[in-house]
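The values are calculated or read from the model by the stated rules, or taken from the named source; none is laboratory data. No experiment lies behind these values; they were computed from the predicted model shown. Note that each Cβ is placed from the backbone with ideal geometry, even for glycine, and that neighbours are counted across all protein chains shown. Surface accessibility is based on the protein's heavy atoms, side chains included, excluding ligands, DNA and RNA. Shrake-Rupley method; radii C 1.70, N 1.55, O 1.52, S 1.80 Å.
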Amino acid sequence: MISLLTKGTLVLLASAVAFAWAQGAESELADATVYQLSQGGVPLGEVGMDVDVTSTGYRSSSYVEIPGLLELRNELVAGPDGAAIGYELSGVIQGVQISMSATFDEDGASFELTQAGQTAEFDLASDEPLYVVDNNFIDGFQVVAYEVLRRGEPVDVAAVVPQGGAIGRLSAALRADPEELTVGDVSTEVTGLDMVLTVGPQRIEAVAWLDADGAIAALDQPQGAIRFERLASEAVASTEDVAPAATTEQAETADELLARTSSCVETVALEVESTGATLYGLLSLPVGRAAVGAPTLLLLPGSGPTDVAGNSAPLITNSGYEQLANLLGCEGYGVLRVAKLGIPPSTGDANAATLETYARNAADWFGTVAETDGVDPARLGIIGHSEGGLIALYASAEGYIEPDVVVLIATPGRPLAELLREQTIASAERGGLDEDAVAQYARGVDELLDAIRRSDGVSLEITDELRDNPIAPAFAPAAGLLRSEMDVDPQELARTLEVPTLVAQGLKDIQVLQVDGRRLADALPNVLHLEFPDLTHNLVETSLPAEAMLLPGGDSVVSETLVTALATYLNGTLRLAR
């Protein structure tokens, strides 16, 4: 799903809050069938549902909880054909109470969302009956399963995803033959119900395993290796232990994607002398474009020791930037991935860099790539990810480079000092610190930021007053870089940028938030703003709560939805430049 935002337009997406973490909502249901929620075989939490079938339709109560993190509850009322009549959701998100209610009629659905005491309303139009499919619950899938069994034929219905604020389609068809499925430590005979949920360009495949009563014994979503499995006490005892292995595997791994797309590009190593160092990069050019030259983009990485593949081992190892470069190469675009100053094999002192240093490095890369065979020098763009977005914005706005297109992905829209404070405090809260401890932590952040502002030179001296500050040692070595960046307002830079600019923001990014993308979009004169409800900070999607994908797995693939959106935008801007 993608939401388009233009200046002055607000698109309300409940998914911006619905996949965050929370604690404190009452959710236990006495008669609920209970499922374990897991990803890649790792248990995450618990889901329960109680679905009543009557002559007048369906009524369900469900909950989802990840102990100490997320607790939500919903109520669904549907007519005799399974189409929704009413829906409610409530819970606590990051310590903030939220609630949602929806009513349905022949014109579609009307929603009311309340978060932190603020209420918003929005409508979703549909000339078909709507079936609720809620991302965190499985009762909507259960209703559809009952309908397939009752009708004796496949169904294809209009589906509303309340927490995504969107309408799509859900198709479901029974498999012909029963199978044996292990549920807990026993096996039972089940029938597979293949389902496909399509919302905009996003396609999610799933299979529900139905027991003899038509109840869901397990539900698998191969993309993301997500599984809802009924607890063994609820399972129907049998003898064999045969489970369809393919249902718990991601459709394609990162290595498989790289192997599949490598034939699209030819990759050459480049070096440039800049700011007293030798910088290293890899240029991927689409095969067959050498004669005319390919439109090409400089990709600036995020903060930290990120290499040219996009890895920061051992935490991030899925080569996300290489995936992105290959995928864009398949669309006809060149991409130069670079190692920042001081990040091997580039030389220099990484801690001695400043925002201006990075801008000058970008300018020198632009000059080099423009003179490289296979590149069209009249069609050059820049992609900045996270901190790289701030650098791309600064270098463009301050005249270090003159790109034909700027792409900002997960880019801060507020000064980094504000973001750093917000992220550090949120981390402390997720770590379980009580209110007093969090307040003390916040004072430590403010103390550190003030000390950095007063300092000079590359690093910050840990004085007696900072010796007990828990975060000072982590940030002290790069004080000069932080000082150059922390009070720069990206929104002010954006106001001066006339070049076509794409702002892409994931709503499951807990480092750079929805407000950041919207601030940039509000300021940029020539902007397309895209919001991706399932996109995380590291360019991969998840249907789980945001913090289930704080870091991408080694096999995680870059979002196909993001790449399609980028290529479409570039086709109408960079490809047509000059």
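Taking a 1.4 Å probe, which of GLU356, GLU147, GLU75 shows the most accessible area, and what order do the others take after it?
Of GLU356, GLU147, GLU75, the descending order of accessible area is GLU356, GLU75, GLU147.
Residue-wise, which Karplus ³J(HN,Hα) couplings in Hz belong to region 189-194, taking 6.51 cos²θ - 1.76 cosθ + 1.60, θ = phi - 60°, and x for glycine or proline?
7, 9, 10, x, 10, 7
How many percent of the accessible area of region 424-578 is carbon or sulfur, using a 1.4 Å probe?
On the way: 3220 of 6580 Å².
Answer for region 424-578 is 49 percent, counting heavy atoms of protein chains only.
Hey, what's region 477-578 come to in accessible area per residue, 1.4 Å probe, Å²?
32 Å²
Could you give log10 I(q)/I(0) at q = 0.10 Å⁻¹ for region 277-433, computed by the Debye formula over C-alpha point scatterers of equal weight, without solvent?
Log10 I(q)/I(0), no solvent term: -0.37.
Would you kindly find the accessible area of ARG379, with a 1.4 Å probe and non-protein molecules such as ligands, DNA and RNA excluded, rounding to the nearest 10 Å²?
Here the residue's solvent-accessible area equals roughly 30 Å².
Label points 7 Å out from Cα along the Cβ direction at GLU180 and ALA251: separation in nm?
Distance between the two pseudo-spin positions: 3.0 nm.
Given the whole protein assembly as supplied and a 1.4 Å probe, what does the accessible area of VAL268 come to in Å², nearest 10?
60 Å²
Given points 7 Å out from each Cα along the Cα-Cβ axis, report the LEU231 to GLU435 separation in nanometres with one decimal.
That separation, rounded to one decimal, is 3.3 nm.
Could you order the peptides 166-178, 343-355 from most to least packed, using the average number of other C-beta atoms within 10 Å per residue?
Ranking, from highest mean packing down: 343-355, 166-178.
Over region 299-417, what relative contact order in percent results from Cα pairs under 8 Å that are six or more residues apart? Numbers along the way, then the final one.
Values: 179 pairs, mean separation 30.4, N = 119.
Relative contact order here is 26 percent.
Which order do SER396, SER459 take by accessible area at a 1.4 Å probe, largest first?
SER459, SER396
Could you check the spin-label model distance between ALA378 and GLU128? Points 7 Å from the Cα along Cα→Cβ, value in nm.
Inter-label distance under the simple model: 4.7 nm.
Please list TYR146, TYR569 in order of solvent-accessible area, largest first, computed with a 1.4 Å probe with all protein chains present.
Largest accessible area first, the list is TYR146, TYR569.
Express in whole angstrom the spacing between the alpha-carbon centres of region 496-543 and region 389-403.
Here the two parts' Cα centres lie 17 Å apart.
Can you give me the accessible area per residue for region 259-355, using a 1.4 Å probe, in Å²?
37 Å²
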